[in-house]
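Have a look at the structure below, then the notes.
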Amino acid sequence: MSAIVVIPARYASTRFPGKPLCLLSGKPLIQHVYERVKEARLVSSVIVATDDRRIYDAVEAFGGEAVMTLVTHQSGTDRIAEVVMNRPELAGDAVIVNVQGDEPLINPGMVDDVIGLMEDERVSIGTLVKRIEDAAEGNDPNVVKAVFNSGGFALYFSRSPIPYHRDFLSADVPKMFKHIGIYAYTKSSLLSFAQLPQSELEKTEKLEQLRALENGLTIKVRETSFETIGVDTPEDLERVEKCLSISL
């Protein structure tokens, strides 16, 4: 099984404008993401979907593939859906992977893992989770938590600590999983999802994946041992720079 990875990237980030073009160890941040994803075994091609000519030109300059998309999209998913919709050569069961453009430390194995979930024909969407090891993350609303059944299918995602450990009294970290924001879809499930209106749970938690669950789309998760750092602020960029310097 192989897949196409589409990386949504926009310039006008509220907290960090121009983020995809910020230099990290001498390269634009978006280039780090692109090159890491390209190393995944199951990836046939990588595309950056953007609404900004500066990002498009930067990707082309380092030899990557970029596509200009509409500026009106409300989410990265919508941006990816536009790219996929304009590729009629892709069959309905073609696998599409959404990798965020602010994940310069993403491990290629994570991409292969999420693609592998799509071998199960019952799966509409595949994604990853990681065991929470720091108790502070369990109570952090910026860390999205996931619960899933014995078959690995997601039951719910929340910014609150779930499951709630009623009898938890010790200083140990309760068994909880955080959601890692990488997704795999079939082309047909992606386009169906993108056409659905925002759901009530999605509006409440500000979590797009709840729209899928509320509308009966199945989300299967796989646990990963890899850690990654998303870049949302200049301070995050400094943290990633330190990680890269240590790994060199």
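Using the structure shown, decide if Ile30 is at pLDDT 95 or above and within 17 Å of Leu237 (Cα to Cα). Show your work before the answer.
On the way: at pLDDT 95 or above: yes; within 17 Å of Leu237 (Cα to Cα): yes.
Yes, satisfied.
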Query - Complete set of residues in the stretch 108-133 that are touching a residue at least 40 places away in the same chain (Cβ under 8 Å) and surrounded by fewer than 18 Cβ atoms within 10 Å (Cβ to Cβ) - result: Pro108, Gly109, Asp112, Gly116, Glu119, Asp120, Arg122, Arg131, Glu133
Report task. Find the strands (runs of 3 or more DSSP E) located wholly in the stretch 114-161 whose residues include 2 or more that are in contact with a helix residue (DSSP H, G or I) (Cβ under 8 Å, 6 or more places away or on another chain) and either more than 20 Å from Thr228 (Cβ to Cβ) or not small (Gly, Ala, Ser) (or both), and list them. Result -> 125-131, 154-158
Query - Selection within the stretch 66-81 - within 19 Å of the chain's Cα centre (by Cα) and farther than 11 Å from Thr50 by Cβ - result: Gln74, Ser75, Thr77, Asp78, Ile80, Ala81
Report summary line: Listed by first then second residue, the pairs whose first member lies in the stretch 213-226 and is under 9 Å from Asp113 (Cβ atoms), whose partner is part of a loop (DSSP other than H, G, I, E, B) and polar (S, T, N, Q), with beta carbons under 9 Å and at least 6 positions apart or on separate chains, are Thr224/Asn107; Phe226/Asn107
Report summary line: Checked against (1) in contact with an Asp or Glu (Cβ under 9 Å, 6 or more places away or on another chain); (2) free of Cβ contacts under 8 Å to residues at least 60 places away in the same chain; (3) in a strand (DSSP E or B), His179 satisfies every condition except (1)
Query raised in the report: Among the residues of the stretch 216-226, is there at least one that is surrounded by fewer than 18 Cβ atoms within 10 Å (Cβ to Cβ), out of contact with any Cys (no Cβ under 8 Å at 6 or more places or on another chain) and farther than 25 Å from Val111 by Cβ?
Result: yes
Query raised in the report: Within the stretch 173-184, which residues are modelled with pLDDT of 95 or more and in contact with a Phe, Trp or Tyr (Cβ under 7 Å, 6 or more places away or on another chain)?
Result: His179
Query raised in the report: Is at least one residue of the stretch 186-198 without any contact (Cβ under 8 Å) to a residue 24 or more places away in the chain and either under 21 Å from Val129 (Cβ atoms) or crowded, with 16+ Cβ neighbours inside 10 Å (or both)?
Result: no
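Restricting attention to the stretch 226-236, does a residue exist that is under 18 Å from Val99 (Cβ atoms), assigned to a helix (DSSP H, G or I) and modelled with pLDDT under 95?
Restricting attention to the stretch 226-236, the residues satisfying the condition of being under 18 Å from Val99 (Cβ atoms) are 226-232, 236.
Among the residues that remain, those that are also assigned to a helix (DSSP H, G or I) are: 236.
So of that shortlist, the ones also modelled with pLDDT under 95 come out as 236.
Yes: one or more hits.
The values are calculated or read from the model by the stated rules, or taken from the named source; none is laboratory data. These numbers were taken from a predicted model, which means no experiment stands behind them. Here Cβ is always computed from backbone atoms with ideal geometry, including for glycine, and neighbour counts include all displayed protein chains.
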